[in-house]
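Below is one structure, written out as structure tokens, with a few remarks after it.
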């Protein structure tokens with residue numbers, strides 16, 4: 001027990017403070033000797049003393065001057081001795097930071113005191129010395145200094161105030177909103193509109209003769225489907241989504257997905273117009289992801305050199321191909337959702353001068369369009385619009401009534417070169433619009449002079465007219481995908497357009513929201529769902545290092561023990577082990593491993609799994625040495641080796657590449673990965689990096705019964721026997737559009753063939769009589785002990 005303070009000891013600081021506050025709040029009293037009252041009234045024994053009939057004010061104030069002065073001093077000292085403001089007097093659970101700035105955060109009993117404390121104090125403005133003003137760094141230069149190792153988008157400051165920012169791909173990009181916006185963003189993409197600033201996407205411009213450009217694109221693009229030089233795209237009315245491959249290495253050498261946009265040709269409006277001559281001068285844009293821009297640029301240069309060399313051999317020495325980098329000259333917005341058309345029509349105002357009849361018809365029906373999925377894929381619209389700040393705030397267009405519910409009104413125009421023409425292709429037009437002619441302050445001054453407040457400004461002759469391009473964009477299929485527009489504008493105009501687009505009630509999404517759109521639509525997202533390419537290796541290595549560092553910091557009782565769970569590779573998918581290109585015993589389970597360069601997947605196969613020596617193609621690609629993605633129509637010919645190699649040679653002929661031998665088919669299939677998607681049969685969610693196992697024959701019959709069960713728990717658990725891993729999931733989670741788990745990943749092509757053979761064998765039918773596209777497999781999360789039964793099917797692998 002503490003010893004009590006003795007009376008003779010000096011008081012503590014707390015006691016001194018109490019005494020000081022008490023003295024400050026005490027009114028001094030004057031001690032005077034007793035005197036007879038001035039002007040006493042008549043006093044009788046029958047009643048109290050009555051007040052005097054008259055009062056001398058001057059004498060009375062002089063007599064009470066001490067008391068009045070003491071009261072004023074006490075009031076002053078009491079207010080100055082108070083060390084708590086109104087919001088500081090609140091209990092802990094009621095205190096808020098905003099209470100010191102917002103009086104409505106303070107309870108009613110203290111609100112008057114808070115209002116008095118929040119009154120503006122007329123303080124003298126602190127002025128910097130003259131020398132300091134001269135040495136101050138301007139705000140623009142400060143921002144430029146902070147962009148030495150990264151690049152900011154024009155909307156960076158808007159995003160930095162509202163979103164989580166990270167340095168990726170050489171840019172400072174928004175990852176996701178700081179608020180809880182996962183489900184609201186999904187609802188906006190499905191029922192409203194969501195906007196994403198995709199100005200980080202790189203554009204490569206190629207100019208030359210039509211025949212030269214067609215040959216160049218054939219050398220580097222995916223030969224499956226229509227060629228990039230087809231009249232359907234060279235007219236300039238549609239955009240083409242395809243994939244970029246290294247020259248001379250098909251089907252190996254997959255680099256990235258690209259979007260090809262041709263400059264509209266000078267043709268009539270009819271879609272059946274004759275194609276332009278091969279020698280006519282044309283321009284084409286290639287839109288690629290920033291993480292592979294350097295590789296894509298080198299591929300284009302290499303293919304251009306090959307094309308020119310081939311033309312020189314034929315005697316055409318006058319051919320020229322120009323390649324330009326447009327990364328800082330254009331800005332791109334992705335406006336996705338059913339209401340994207342109404343928002344674009346409400347935020348933008350086309351300039352009347354120079355507009356075509358077909359554009360007027362398109363613009364009149366744009367507001368009634370309930371989904372751009374009903375338009376032609378990749379349809380391009382060119383136009384010139386007024387400064388969107390003139391009609392700020394915008395009002396969304398309202399669609400007209402539709403006879404059939406949930407059906408979009410038909411569009412009255414079709415893709416054409418005349419409809420796609422725009423001055424945004426001209427470098428001189430973009431240079432003249434490098435920055436707006438009028439600042440926002442000038443626009444606001446003009447609005448202040450309006451007789452009726454809130455009315456939009458009438459465009460004047462000196463106001464800017466901005467050329468734009470609208471490209472129809474779809475993520476996924478027409479029925480289950482997300483549809484919208486891609487808006488391309490000149491550099492310097494991001495914030496004027498972005499402010500009007502966001503004021504319409506649309507949500508703004510970051511990288512997470514963009515990836516979620518692809519996941520909900522069931523299409524792979526680049527580069528996360530593209531295993532075996534260098535861009536995938538770089539991103540996965542960075543994410544794996546961060547996850548491993550977080551796992552190492554976590555106490556042992558709070559983290560999974562991957563060694564006891566039997567997880568062979570918890571941080572990276574060991575595709576080489578799955579394909580048999582690497583010994584599984586060499587894969588370490590512990591977290592201590594040798595540092596590996598991002599994308600370094602060239603591992604020498606062991607002798608027991610490589611009976612044949614891998615052979616090189618004409619450009620140095622090694623067959624059967626590293627994983628590659630088997631996608632597209634090649635899956636249909638995979639079961640028969642002769643047809644498989646014959647189809648590959650047919651596609652290589654399109655790219656002017658030499659044929660492969662039949663013995664190369666085994667090498668290709670041994671290192672091939674098939675992109676797949678998995679849907680659990682019942683409950684359960686297969687997350688990222690989940691392991692996929694093949695069912696044994698004795699498990700298949702019981703698994704089919706569980707899969708056919710109608711209960712909610714049907715097929716929820718399968719025996720977790722340690723088996724051979726046939727693949728991994730790259731993206732997985734709960735799919736809001738499906739209302740259940742959904743995952744995307746890849747499995748070995750040889751194991752995919754084994755699934756086909758097993759399904760046909762267990763169906764008890766004649767060989768080849770049953771075409772099976774869905775298979776039963778089991779998957780297990782890397783930190784779980786339970787396997788889940790799931791349906792597996794090959795992914796269409798369309799671009800996201």
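The values are calculated or read from the model by the stated rules, or taken from the named source; none is laboratory data. Everything quoted here is computed from the prediction, not taken from an experiment. Positions of Cβ are generated from backbone atoms using ideal geometry, with glycine treated the same way; all protein chains shown enter the neighbour counts.
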- Query: Can you tell me which residue in segment 26-40 is nearest to the chain's Cα centre (by Cα), limited to those that are surrounded by 11 or more Cβ atoms within 10 Å (Cβ to Cβ) and at pLDDT 75 or above?
  - Reply: 26
- Message: Any residue that is part of a strand (DSSP E or B), modelled with pLDDT of 85 or more and surrounded by fewer than 19 Cβ atoms within 10 Å (Cβ to Cβ) - is there at least one of those in segment 706-725?
- Response: no
- Item | residue 457, sole failed condition from (1) part of a loop (DSSP other than H, G, I, E, B); (2) surrounded by fewer than 16 Cβ atoms within 10 Å (Cβ to Cβ) | (2)
- Query: Does any residue of segment 284-300 turn out to be modelled with pLDDT of 95 or more and farther than 25 Å from residue 533 by Cβ?
  - Reply: no
- Message: Being touching a strand residue (DSSP E or B) at 6+ places or on another chain (Cβ under 9 Å) and either within 16 Å of residue 253 (Cα to Cα) or surrounded by 20 or more Cβ atoms within 10 Å (Cβ to Cβ) (or both): is that true of residue 656 here?
- Response: no
- Query: Given the conditions (1) closer than 23 Å to residue 527 by Cβ; (2) assigned to a helix (DSSP H, G or I), which single one is not true for residue 643?
  - Reply: (1)
- Of (1) surrounded by 16 or more Cβ atoms within 10 Å (Cβ to Cβ); (2) out of contact with any strand residue (DSSP E or B) (no Cβ under 9 Å at 6 or more places or on another chain); (3) within 30 Å of residue 232 (Cα to Cα), residue 429 satisfies every one except (2)
- Task: Would you point out the residue of segment 369-383, among those that are more than 25 Å from the chain's Cα centre (by Cα) and buried (at least 20 other Cβ atoms within 10 Å of the Cβ), that is nearest to residue 480 (Cα to Cα)?
- Result: 369
- Between a first residue in segment 360-373 that is in a loop (DSSP other than H, G, I, E, B) and a second residue that is modelled with pLDDT of 90 or more, which pairs have beta carbons less than 6 Å apart while being 6 or more apart in sequence or on different chains? 367/342; 367/345; 369/341; 370/338; 371/338; 371/483
- Task: Quick one: residue 154 ticks every box in (1) touching a strand residue (DSSP E or B) at 6+ places or on another chain (Cβ under 6 Å); (2) touching a residue at least 40 places away in the same chain (Cβ under 8 Å); (3) more than 17 Å from residue 514 (Cα to Cα) except a single one, so which number is it?
- Result: (1)
- helices (runs of 4 or more DSSP H) (entirely within segment 141-247) containing at least 1 residues that are under 16 Å from the mean Cα position of the chain (by Cα): 156-160, 182-191
- Number of the condition not met by residue 587 [criteria: (1) modelled with pLDDT under 80; (2) surrounded by 18 or more Cβ atoms within 10 Å (Cβ to Cβ)]: (2)
- So which residues in segment 472-492 are more than 30 Å from residue 685 (Cα to Cα) and either buried (at least 22 other Cβ atoms within 10 Å of the Cβ) or in contact with a helix residue (DSSP H, G or I) (Cβ under 6 Å, 6 or more places away or on another chain) (or both)? 472, 485, 486, 487, 488, 489, 490
